[in-house]
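For reference, the structure discussed in these notes is given below.
The values are calculated or read from the model by the stated rules, or taken from the named source; none is laboratory data. Because the structure is a prediction, the values reported are computed rather than measured. All Cβ positions, glycine included, derive from the backbone under ideal geometry; neighbour counts span all protein chains shown. What goes into the accessible areas is simple: the full protein's heavy atoms, side chains included, and nothing from ligands, DNA or RNA. Shrake-Rupley method; radii C 1.70, N 1.55, O 1.52, S 1.80 Å.
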Amino acid sequence: MKKVSILFLFWTCSVLASTPTEYTKGMKAFAGFVDFYTNENAEVYWKIDKFNQPFIYQTSLPQGLGSNDIGLDRGQLSNTRLVQFERIGNKVLLRQLNTYFRANTDNKKEKEAIEEAFANSIIWGFEVVAQDKRNAIVNATPFLLQDAHGVADRLAMKQQGNYKVDASRSALNLNRTKAFPLNSEFEAFITFTGKADGDHIKSVAPDASSVSVRIHHSFIKLPDNKYKPRKFDPRSGFWSFEFMDYATPFEQSITQRWIPRHRLAKVEPTAAKSAAVKPIIYYLDPGIPEPVRSALLEGAHWWNQAFEAAGYENAFQVKVLPDNADPMDVRYNVIQWVHRSTRGWSYGSSVIDPRTGEIIKGHVTLGSLRVRQDFLIATGMSAPFGEGEVNIEQQKSMALARIKQLSAHEIGHTLGIAHNFAASGKNRASVMDYPHPYIHLDGQQNISFNNAYAENIGEWDKQVILYGYGDFSHLNEEKVLKGILSQNELLGFQFISDPDSRSIADFHPTSHLWDNGVNASEELDRLLKLRQVALTRFNHNVIPDGAPYSDLEEALVPVYFYHRYQQEAVGKLIGGIHFNYAMKDKGTHFSINSVTVAEQKAALAVLLKSIQPSELMLPESIENLIPPKAYGYAKSRESTQGYTGKAFDPLSLAEASTQHVLSILLHPERLARVYWQHAKNNQQMGLNEIFKTLTDQLIKNDLTERLQAIQMRQISSLVSQLISLAGNDNASPEVRAQSFNTLTELHAWFKTYYNKSPSHRNVYLWQAQIIEQFKSGQLQIKSKTMDMPPGSPIGN
């Protein structure tokens, strides 16, 4: 044993006695930001000579899983980290620095106090295999073969199974391992093994017990110190890059906020128009097919209109990525075309300097199935596949117009720009809104796709680019920026973003996703008319020759639910509140006002109109048109739900639409606002008015026998929603009391009215029994939620 220890010590010393030159003799050398070597065993050795010098470490996923539900896409970026190598004896540590807590000061001791107050992270330790006074050689292979992207954690979180890296089936990808002066790039094939528990992983992997992807590592030299951060303002339209600066005077905010942006400056700052010192160039994925490629190029080019308006000449450029360029290379801003098994979101990400917020690389991910969904909407609304020569150019043009918007939108995020969901009501002023296709009826009452989507960059977007990228180096920057914000207000622009827009519980009356129009209620009324025309004309010509008739079911979904997002926009008027992201400053307009009673009553009226049985009942021609799924085809998430097994269930479409509106109207937060607005001003709508109008129109109106079938479903949905509301601990006491009282009134009505409606007496008695069980605390009956399919324009 002693002999073995002596031999091991001798071997260790002899290895460490090797110089880097001796140890790497015979290996292939790569000179770059981090020099490295590869040997015949496909191992990578780093030559480290930059100790205690921070740099950027970025991981990404050049090959994904292809499942939108799992969310591991091709080209996906991880968090950007600031790291440094540190040499301690026979070890080299890779330390991630804590960039959120800092002290921006020249006082060295003050900086040290912050560094010692908050933890940092050692993300890897390397054994030195050769060294001299300046350099150390370490084997980087184990580091590069780890799950640096958190793939296993993601699979576990999505309940797809417990996976771990299988080293025997993993290896470095030396073809994508390269060195450049400002960055070094490394890539590995990583195989994860485990027992597959989820359907999503089974649907995309050829063998779900063995899942292989590629993980990419980028080491990036920090930019120089000539970049000047720009102040964040919540009205600017930009995202916020924030950190805590403990060197700020105590009378000022310790949290500092800058905007993330690319570095851009004029060659001639004082000139009205000037070329850029270094233009921003984006590169398009060459794997995108035509005509989509041309549409994406055109939409991407729109941003140059905004930079031109800000005083630049050709400062924003778009090119096709050269064949010899790697999209993961940090030197390229890229627009990638990503395939998935189902449609899903596109998004824009960036590599950002963790010290300053400077965007070093923009990385756009565009889902390839999106264009097909817009084409489905267009063909479903227009039924173009008739006899004779088929002309679908209008439908294709609408789908490609959306792709132009999508390209511009996601690039906007990689420029640092946030969503503005209030822009649609201002003449579609921003590509950073989510546009709904403005399909309309022309003078001959034909479906028209003219102007379905806006062309070119929006006027709001020009103002945002001016704030973020205008060259004010020769001016008082703070004064100029305030002037831009004041001008936005004078021009009537509103900026309301994600936190106040995405939920159906939100209440800003002009900010919503996938809506149109200055007046949300009037737009919903227009869509109801358009929808009825489209449903009346819906026939087998919405699908092309060669498709099974059963495909009509999926084609019907985006037509039947075409107005769903506008319903959500209208719902925000009820209990709605006007507000803005005002800052306390001279000349700043600040106000908080409830939506007027007239607007709220109009919203309630059109919402309830949208779920009248006459609006929800399908034409009989459609009911008799859709058969069960053809052999070899199966239902998917895009298909409708129902109680009728394989047969198409039109009543469940009406039920799903009703439940959607009830979830909007009876949201406990919305009703609590309604109660308080009425308490302050009894001219406003109160809870009693909403609940009475709802029960009168959904339950107590007389209908034909055919429409009564929908009414019975609506009765069940309403009772279920009221019970849920009355029993909701998070609802206000007033809302719960009103719900309980309404249930009591309905119980009495059901018990009284059931004899007057023999054909539906069982439904009334059944609902009365459910209410009795709830009131006695013995409710055991569970109601099914009939969810809408994802539908148009993008879904869940």
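I'd like the residue in region 540-559 that is in contact with a Ser or Thr (Cβ under 7 Å, 6 or more places away or on another chain) and of a type in the set (Asp, Glu) and, out of all such residues, is most open to solvent (accessible area, probe 1.4 Å).
The selected residue is Glu554.
Consider only pairs whose beta carbons are under 8 Å apart and that are at least six residues apart or on different chains; among these, list those whose first residue lies in region 445-458 and is under 19 Å from Phe307 (Cα atoms) and whose second residue is among the hydroxyl-bearing types (Ser, Thr, Tyr) and in a loop (DSSP other than H, G, I, E, B).
From residues that are under 19 Å from Phe307 (Cα atoms), the pairs are Gly458/Ser430.
Could you say whether any residue in region 408-424 is of a type in the set (Gly, Ala, Ser), open to solvent by 40 Å² or more (accessible area, probe 1.4 Å), closer than 22 Å to Arg526 by Cβ and assigned to a loop (DSSP other than H, G, I, E, B)?
Within region 408-424, not a single residue is of a type in the set (Gly, Ala, Ser), open to solvent by 40 Å² or more (accessible area, probe 1.4 Å), closer than 22 Å to Arg526 by Cβ and assigned to a loop (DSSP other than H, G, I, E, B).
Go through region 495-504 and report how many residues are part of a loop (DSSP other than H, G, I, E, B) and open to solvent by 70 Å² or more (accessible area, probe 1.4 Å).
Residues flagged as part of a loop (DSSP other than H, G, I, E, B) and open to solvent by 70 Å² or more (accessible area, probe 1.4 Å) within region 495-504 amount to 1.
On the given criteria, is Met788 open to solvent by less than 80 Å² (accessible area, probe 1.4 Å) and closer than 30 Å to Leu552 by Cα? Quick ask: steps written out before the conclusion?
Values: open to solvent by less than 80 Å² (accessible area, probe 1.4 Å): yes; closer than 30 Å to Leu552 by Cα: yes.
Here the answer is yes, as Met788 does meet what is asked.
Does Leu61 meet the test of being open to solvent by less than 20 Å² (accessible area, probe 1.4 Å) and not in a loop (DSSP other than H, G, I, E, B)?
Yes; evaluated as a whole, the condition is true for this residue.
Taking region 124-149 as the region of interest, how many residues are of a type outside the set (D, E, K, R) and in contact with a helix residue (DSSP H, G or I) (Cβ under 9 Å, 6 or more places away or on another chain)?
11
Which residues, taken from region 321-379, are of a type in the set (Gly, Ala, Ser), over 20 Å from Leu297 (Cα atoms) and crowded, with 23+ Cβ neighbours inside 10 Å? Even if it seems obvious, please write down each step before you answer.
At the first step, the residues of region 321-379 found to be of a type in the set (Gly, Ala, Ser) are 325, 341, 344, 346, 348-350, 357, 362, 367-368, 378.
Then keep just the ones that are over 20 Å from Leu297 (Cα atoms); that gives 341, 344, 357, 378.
Gly357, Ala378, listed by residue number.
Collect the residues in region 257-281 that are in contact (Cβ under 8 Å) with a residue 24 or more places away in the chain and under 31 Å from the mean Cα position of the chain (by Cα), keeping them in residue-number order.
Passing the criteria: Arg257, Trp258, Ile259, Pro260, Arg261, His262, Arg263, Leu264, Ala265, Pro279, Ile280, Ile281.
Under the condition of being closer than 29 Å to Gln53 by Cβ and out of contact with any strand residue (DSSP E or B) (no Cβ under 8 Å at 6 or more places or on another chain), which residue from region 208-246 is most open to solvent (accessible area, probe 1.4 Å)?
Among those that are closer than 29 Å to Gln53 by Cβ and out of contact with any strand residue (DSSP E or B) (no Cβ under 8 Å at 6 or more places or on another chain), it is Lys226.
Hey, could you check region 180-190 for residues that are at pLDDT 95 or above and among the hydrophobic types (A, V, I, L, M, F, W, C) and say which is surrounded by the most Cβ atoms within 10 Å (Cβ to Cβ)?
Looking at residues that are at pLDDT 95 or above and among the hydrophobic types (A, V, I, L, M, F, W, C), I get Ile190.
Against the condition free of Cβ contacts under 8 Å to residues at least 12 places away in the same chain, within 15 Å of Leu671 (Cβ to Cβ) and open to solvent by 40 Å² or more (accessible area, probe 1.4 Å), how does Arg736 come out, does it pass?
Yes.
Hey, His512 hits all of (1) open to solvent by 10 Å² or more (accessible area, probe 1.4 Å); (2) within 28 Å of His660 (Cα to Cα) but one; which does it fall short on?
(1)
Which one is farthest from Ser18 (Cα to Cα), of the residues in region 133-162 that are exposed (fewer than 13 other Cβ atoms within 10 Å of the Cβ) and either of a type in the set (Phe, Trp, Tyr) or at pLDDT below 95 (or both)?
Arg134
Assess whether Leu72 counts as being assigned to a loop (DSSP other than H, G, I, E, B), of a type in the set (A, V, I, L, M), touching a Leu at 6+ places or on another chain (Cβ under 7 Å) and touching a residue at least 12 places away in the same chain (Cβ under 8 Å).
Details: assigned to a loop (DSSP other than H, G, I, E, B): yes; of a type in the set (A, V, I, L, M): yes; touching a Leu at 6+ places or on another chain (Cβ under 7 Å): yes; touching a residue at least 12 places away in the same chain (Cβ under 8 Å): yes.
In short, yes.
If Ala709 passes every condition in (1) hydrophobic (A, V, I, L, M, F, W, C); (2) open to solvent by less than 70 Å² (accessible area, probe 1.4 Å); (3) under 17 Å from Leu665 (Cα atoms) but one, which one does it miss?
All conditions are met except number (3).
Which residue out of Ile403, Ile439 is farther than 26 Å from Gln317 by Cα and surrounded by 21 or more Cβ atoms within 10 Å (Cβ to Cβ)?
Exactly one residue qualifies, and that residue is Ile439.
Can you name the helices (runs of 4 or more DSSP H) wholly within region 557-627 that have at least 3 residues being more than 17 Å from Val533 (Cα to Cα) and touching a residue at least 40 places away in the same chain (Cβ under 8 Å)?
Helices (runs of 4 or more DSSP H) meeting the threshold: 564-571, 597-609.
Which one is surrounded by the most Cβ atoms within 10 Å (Cβ to Cβ) among residues in region 571-625 that are among the aliphatic types (A, V, I, L, M) and within 16 Å of Ala422 (Cβ to Cβ)?
The residue in question is Leu573.
Give Thr24, Thr38, Thr19 a once-over and let me know the one that is buried (at least 18 other Cβ atoms within 10 Å of the Cβ), farther than 24 Å from Asp147 by Cβ and over 30 Å from the mean Cα position of the chain (by Cα).
Numbers: Thr38 fails: farther than 24 Å from Asp147 by Cβ; Thr19 fails: buried (at least 18 other Cβ atoms within 10 Å of the Cβ).
Going through Thr24, Thr38, Thr19 in turn, just one is buried (at least 18 other Cβ atoms within 10 Å of the Cβ), farther than 24 Å from Asp147 by Cβ and over 30 Å from the mean Cα position of the chain (by Cα): Thr24.
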